[in-house]
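All remarks here apply to the structure that follows.
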Amino acid sequence: MDNKPLFITGIGTEVGKTIVSAVITEQLKADYWKPVQAGDLDNTDTDKVKQLISNTRSVFHPETYQFEMAASPHRAAKSEGIEIRLQDFHLPETDNQLLIEGAGGLFVPLSHRFLMIDLIRLLGADAILVVRNYLGCINHTLLSIHALTSKNIPLKHLVLNGDFDFDTMNVLLHHLPKNSTWSKLPEFTEINRDAIANAPFQFNPIPIIN
């Protein structure tokens, strides 16, 4: 794998981006960076990932923005009289693989001008898209793939997080762009360092499903 940054995004909120970030950070021994943290400042996503990984190589880079309000970044920023500016985001300096975790999905607003997808493009990252199985997930996934393609952002990897039926998986995998890969994480019964370290994750080639 090259050292191009990998940006973890999701098809919506609460799809498991932070758990997936922990798994990939652990397995790639990557650095981790959460550019914007809104809410939970006493237990940030950076804190959570740090507590869940075992390797000692990963470096955890500080957020560019931290806000008290647990809300969309643009609203959390406004509550503190701040406007998020794209020019304030700079990739951390590292020779290691860098994993970046976004907030929510691709069209989460950072300000009234900029969306999360604009930040991915600005940072020159490949996307890793996290999907949960719920009614509407096919539509949300295909819309997310289309959005990435329209912005010329490579979809490096698709993570199916949790249990999926065959028909849902079949549709999702058949709509992956050429050269994208995928993996499936089982539903965790317990989330701790051992579970993260032993998670069956890998960058799989796309299978042909009939």
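Of the solvent-accessible surface of the chain, computed with a 1.4 Å probe over protein heavy atoms with every protein chain present, carbon and sulfur atoms account for 50 percent. Note on the chain: along the principal axes its Cα atoms extend 53, 37, 31 Å, ordered by decreasing extent. Taking every lysine pair in the chain that is 8 or more places apart or spans two chains, those with Cα atoms closer than 22 Å amount to 27.
Can you tell me the FRET efficiency between S79 and D165 if r is taken as the Cβ-Cβ distance and R0 is 45 Å, rounded to the nearest 0.05? Numbers along the way, then the final one.
Details: r = 41 Å, r/R0 = 0.91.
Plugging the Cβ-Cβ distance into 1/(1 + (r/R0)^6) gives 0.65.
Taken per residue, the accessible surface of region 1-132 reaches 44 Å², heavy atoms only and a 1.4 Å probe. Taking P73, P92, P109 as the candidate residues, the one with maximal mean-square fluctuation in a Gaussian network model of the chain, Cα springs under 10 Å, is P92.
When the inverse distances between all different Cα atoms of region 20-128 are averaged and flipped, the Kirkwood radius reads 14.3 angstrom.
The values are calculated or read from the model by the stated rules, or taken from the named source; none is laboratory data. Predicted model, so just to flag it, every value in this text is computed and none were measured. Reconstructed Cβ throughout: ideal geometry from the backbone, glycine too, with neighbour counts over all protein chains shown. The protein model used for the area step is the full one, side chains on, heavy atoms only, and it has no ligands, DNA or RNA in it. Shrake-Rupley method; radii C 1.70, N 1.55, O 1.52, S 1.80 Å.
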